[in-house]
1. Please tell me if residue 367 is surrounded by fewer than 24 Cβ atoms within 10 Å (Cβ to Cβ), touching a Phe, Trp or Tyr at 6+ places or on another chain (Cβ under 9 Å), of a type in the set (Gly, Ala, Ser) and in contact (Cβ under 8 Å) with a residue 24 or more places away in the chain.
2. Look through region 109-160, keep the residues that are within 23 Å of residue 226 (Cβ to Cβ) and basic (Lys, Arg), and return whichever of them is farthest from the chain's Cα centre (by Cα).
3. Under 8 Å between Cβ atoms, at least 6 apart or on separate chains: pull out the pairs that start in region 457-476 with a residue that is on the phi > 0 side of the Ramachandran plot and end on any residue that is at pLDDT 95 or above and of a type in the set (A, V, I, L, M).
4. Of the numbered conditions (1) more than 21 Å from residue 286 (Cα to Cα); (2) outside the structural domain of residue 363 (by TED's automatic domain parsing); (3) touching a Lys or Arg at 6+ places or on another chain (Cβ under 9 Å); (4) crowded, with 18+ Cβ neighbours inside 10 Å, residue 107 fails exactly one; give the number of that condition.
5. State whether one or more residues within region 121-129 are in contact with a helix residue (DSSP H, G or I) (Cβ under 7 Å, 6 or more places away or on another chain) and either more than 24 Å from residue 267 (Cβ to Cβ) or touching a residue at least 12 places away in the same chain (Cβ under 8 Å) (or both).
6. Check residue 447 against each of (1) touching a residue at least 12 places away in the same chain (Cβ under 8 Å); (2) part of a helix (DSSP H, G or I); (3) surrounded by fewer than 24 Cβ atoms within 10 Å (Cβ to Cβ); (4) assigned by TED's automatic domain parsing to the domain that holds residue 35 and name the one condition it does not meet.
7. Would you check which residues across region 407-431 are more than 18 Å from the chain's Cα centre (by Cα) and surrounded by 22 or more Cβ atoms within 10 Å (Cβ to Cβ) and list them?
8. crowded, with 22+ Cβ neighbours inside 10 Å, more than 15 Å from residue 517 (Cα to Cα) and at pLDDT 95 or above - does that describe any residue in region 322-332?
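The values are calculated or read from the model by the stated rules, or taken from the named source; none is laboratory data. Predicted, not measured: the structure shown is a model, and the values here were computed from it. Cβ coordinates were reconstructed from backbone atoms using ideal geometry, including for glycine residues, and neighbour counts include every protein chain displayed.
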Amino acid sequence: MRRHSLAFVSALGLVLATPYPSSAETAPAIGADAIRADIGFLADDLLEGRDAGTRGYDIAARYVAARFEALGLRQVIPDSWYQPVTLAVARLDKASAPSISIGGRRFANGEDIAIGAFGREPRQSMEAQAVFVGYGLKSDREKINDYAGLNLKGKFAVALSGAPAGMPSEIGAHLAAEKSLAAQQAGAVGLITIPTASYLGRTPWEKIRDRAQHPSASWVARDGQPYVRTPAIRGTATVTGAAADALLAGSGKSLAAIRAQAERKGARPRGFALRPTVRIDRTSIVETAPSRNVLAVLPGADPALSHEYVLLMAHLDHLGMEENGKGPDRVYNGAMDNASGIATLLAVARAFAESGERPRRSILFAAVTAEEDGLLGSQYLAKNPVLPAGGRLVGVVNLDMPILTYDFHDVIAFGADHSTLGPIAEKAARAQGISLSPDPLPAEGLFTRSDHYRFVQEGVPALFLMTGFAGPGREAFEHFLKTDYHQLSDQMSLPFNWDAAAKFARVNYAIAREIADEPQAPRWYKGDFFGDAFAPDAPKATKP
């Protein structure tokens, strides 16, 4: 890190003696014009949907880097605004007719089974016995072990999707996201999922089936292999209907009965060995594509705290182009998802740069790649830190798809209940005349579905704001999710409320500023699930 200018710091003693201003005292004006201009550029057809690893994404990355440079921010990576991320993209070779055989009965991909590509094993034929494991959850802290008493060594785990009804939503979402890890720890070689009735009510089988046909992506690790957190889990699939019945054949249990049991609050179907042998046959075509995270830093002004960093992050990528589009519009512009998050990031960066008072802690700004492919750019950044020697990441503020079509009266602060970031978020919201509300979509598991979660997994407290459901919020939010989310219609023609966009940026600036200027770094609360799981030895705070 370069030394601080004498214009900011004349001597250590003087710095320590000077009181640091509050976020309210240093808050610059944040208007809507620049936000509108940034979204307009990033969501333009010329960027072809900003798919990670494409020319359109690289243009967007160059734009963000130019904006960082114009604001006077510094490069955290020597002589570069970019952290290279090589993506490994795997596609099913449909000519090889991927399939699953259950008890000798073959099911072609797309019937009652859905299997995707697997980059670590391009040509695969694997066969093993299977064991039903209920929901397939494991947590020592929550005293949950769906694998207790079951022999999974060298076998497929067969698990229901999601978590039991009535489980706290964020804990349930986390444990559901960790199913592959639980299966690997039990000795399994694969994980087959049976969607529950509730899950199918939210996500029809047709969408599950079609999603599996899409390319799968990872980042290339130092050993040259696509990174996976659970390398022992070699075979994954989702099954329903006749394929699920075939798995359960001879067990005395039916798919209908298990699904009915799973719908009851708190119900936990017990595991049992399955009779049929399962075989997966598939061939994947694997290609690599270069991409990059765009990074910049604003060095902190306090010598005692400048080695601590607050990460402000948004994902830059979207879905690219519709491959088989028949109409004139084939571009997934991603105006709300997530040009709006990047525009907010740039507005907050500008506010910091023009405040006239540098924050005490350093601020790391990151526009990350491949979120749509599985939070890959943020995972790469979390696994490959860029901070200088002695630098420590203390908190994360994530900006992902604020719905800005209405004047929101409240926000949902995911992560607020888990750490001392909660009171900071509440204070920032209150200053803008809005309130914090509980998660209105617990079944969606949003806490685990955006980039901040990759840093939670590394033990760092994180916060992710969503515009809320008060007043006109529910109708506007649900309309976007139903009509425009991941659709060609997510573009500048949406009825943006630009005053709301500026307000959202002001709230996030106040949060980041407060984190950066607080005497004490964010801490997990004592007894919190995520703090205990990912930062068991870190100092904890008592929850108010």
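1. Values: surrounded by fewer than 24 Cβ atoms within 10 Å (Cβ to Cβ): no; touching a Phe, Trp or Tyr at 6+ places or on another chain (Cβ under 9 Å): yes; of a type in the set (Gly, Ala, Ser): yes; in contact (Cβ under 8 Å) with a residue 24 or more places away in the chain: yes.
No.
2. Only one residue tops the list, namely 123.
3. Within 8 Å, the pairs are 459/535; 459/538.
4. Going through the list (1) more than 21 Å from residue 286 (Cα to Cα); (2) outside the structural domain of residue 363 (by TED's automatic domain parsing); (3) touching a Lys or Arg at 6+ places or on another chain (Cβ under 9 Å); (4) crowded, with 18+ Cβ neighbours inside 10 Å, residue 107 breaks only (3).
5. Filtering region 121-129 for residues in contact with a helix residue (DSSP H, G or I) (Cβ under 7 Å, 6 or more places away or on another chain) gives none.
The answer is no; no qualifying residue exists.
6. (3)
7. 408, 411, 419, 420, 421, 424, 425, 428, 429, listed by residue number.
8. Initial filter on region 322-332 (crowded, with 22+ Cβ neighbours inside 10 Å): 331-332.
Those still in the list that are more than 15 Å from residue 517 (Cα to Cα) too: 331-332.
Now narrow it down to the ones that are at pLDDT 95 or above: 331-332.
Yes, region 322-332 contains a residue that is crowded, with 22+ Cβ neighbours inside 10 Å, more than 15 Å from residue 517 (Cα to Cα) and at pLDDT 95 or above.
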